[in-house]
1. Estimate the FRET efficiency between A:E202 and A:N108 by the formula 1/(1 + (r/R0)^6), using the beta-carbon distance for r and 22 Å for R0, to the nearest 0.05.
2. Just to be sure I understand: with springs between alpha-carbon atoms less than 10 Å apart, which residue in A:S13, A:S131, A:S158 has the highest mean-square fluctuation in the Gaussian network model of chain A?
3. Rounded, prolate or oblate: pick one for segment B:63-160, where a ≥ b ≥ c are the square roots of the eigenvalues of its C-alpha gyration tensor, a/c under 1.5 means rounded, and failing that, prolate if a/b is larger than b/c, else oblate.
4. Of the listed pairs B:K152/B:K193; B:K11/B:K33; A:K33/B:K33; B:K11/B:K152; A:K11/A:K33, which have alpha-carbon separations greater than 30 Å here?
5. State, to one decimal in nm, how far the label point of A:E190 lies from the label point of B:Y174, with both points 7 Å from Cα in the Cβ direction.
6. What does the C-alpha gyration tensor say about the overall shape of segment B:100-143? Classify as rounded when a/c is under 1.5, otherwise prolate if a/b is larger than b/c, or oblate.
7. Shortest first and in nm with one decimal, please list how far the A:P71 label point sits from its counterparts in the other copies (point 7 Å along Cα→Cβ).
8. Can you list, shortest first in nanometers, how far A:E123 lies from the same residue in the other copies, with each label 7 Å from Cα toward Cβ?
Number of protein chains: 2
Amino acid sequence: MAMSPSSADLKASTAEEEAYLHLQSALRCGRYKPGDRLIPEEIANEIGMSRMPVREAFRRLASDGLVTLRPNRGCVVAGLTVDEIYETFEIRSVLEGLAVRLAMPEMNAETFEELDLLLDRMERSGQSGSSEWVPRHQEFHAYIYRLSGRPKLIRQISALHLVIEPYMRIWFDYVTKPLSARQEHENLIEALKSGDAAHAEEVMREHILGTAPLLTEYASPARR
Amino acid sequence: MAMSPSSADLKASTAEEEAYLHLQSALRCGRYKPGDRLIPEEIANEIGMSRMPVREAFRRLASDGLVTLRPNRGCVVAGLTVDEIYETFEIRSVLEGLAVRLAMPEMNAETFEELDLLLDRMERSGQSGSSEWVPRHQEFHAYIYRLSGRPKLIRQISALHLVIEPYMRIWFDYVTKPLSARQEHENLIEALKSGDAAHAEEVMREHILGTAPLLTEYASPARR
DNA sequence: GTTTGTATAAGTGGATACAAAAATCCAGTG
DNA sequence: CACTGGATTTTTGTATCCACTTATACAAAC
């Protein structure tokens, strides 16, 4: 009952930060389900603080799109409709497309080696049967868009990855592993190697938009 | 000293909302300058409430990118460096490009008429010498990207417009009026009329990226 | 048996109080 | 005269309290 330094929460300089990280990780792995109401008092007790920092964490989560906040009726876990999932992929496709284009000058033997490494890791996690494929897949994409060197762009894309992670996990549970994933990502690397920025951008856009329909097909029927 | 229904704040169902709108409009028109420190207590007194809702408004403004929040050292008005302004335009270009592509099916005689109207209004506000050109210009763009019918996309683009508004105003002050603005936007309308979505997307992207260098050239030297 | 009203409980928004941290000021020192 | 260290002041972060709104449960009326 007494609060301990506790499991998942690493260094957080403020209570608000702690609450934010706690809730974020709980939402990412789907411990709270869309439509669930989050009651500040309960969560505050859970992590040993008062309601106030929790309230503030809610606001940050709301602007990440992870929860919905309505005056006088509290905080509910945001559920994406199929349309909203698809829209998120549309946005991701152009943002990550831009990132690829901007990252092109950074591509060299070293970065390609790293990409191969990340691709292998992704592949292995898929075989191991654990639910680690989704994070590994996100790391692969993250490595690329981080090479763009554009802080705001990176933050926006990361935020989108956060929002869709639970749905990616559900999807993964259905299909065990995206069958053509390795091929898809090898094509992507190929495009990066071509040195043609416009082409690589286009390939990334199609890669992302291509997976969207698969995902929405299996999307949880729960929504709002 | 007692708080009245007061000037600029329209209907706000909560105090936090009121604080948010108040600060947002103050920031948009540049009443607070980049680097200024915002002290919750002062602002709270100014609009007749306690620090608490103001703090929460800060968080929303922070995720809009209008202010920066650091633990234990408060809230400062965000100043964009030239690089950050440019980056914002890069992001805008792909997002508004996407919006145009998605909006293509909505284009018809009626919408073109509306666009001409908005263009005229923009032109007139430029001649009148007031600082109304920037909002009118934003309305022109907003009309287009709203036709995309994608709520999340619309929200993201709006957020970007918010961030760059003060810089657009500064820019406008320097050049009185973007000389080729009318021509630029007429080209845009032309591309929309062509019916070729990919082409229209490209024109929008170039239109936005084209204005970025002009803007950064005149950007306030103040930054962080 | 459904509707409507009302009492009660639960929860939210906001103000105030208090503690911890940072910034500021100022005297003393090298 | 710049610099260091510490006391003072300011500001931030969190907890607690209260008022008001919304949800729930139960009862009376149609």
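1. Numbers: r = 22 Å, r/R0 = 0.98.
In this case the efficiency is close to 0.55.
2. It is A:S13.
3. Working: a/c = 2.72, a/b = 1.54, b/c = 1.76.
Verdict is oblate for segment B:63-160.
4. A:K33/B:K33
5. Using points 7 Å along Cα→Cβ, the separation is 4.6 nm.
6. Values: a/c = 4.93, a/b = 2.11, b/c = 2.34.
Oblate, since a/c reaches 1.5 and b/c is not below a/b.
7. 3.3
8. 6.1
Since every read-out is calculated from the coordinates, none of them should be taken as a lab result. What you see is a predicted model; the values in this text were computed from it and never measured. Backbone-built Cβ (ideal geometry, glycine too); neighbour counts: all protein chains shown.
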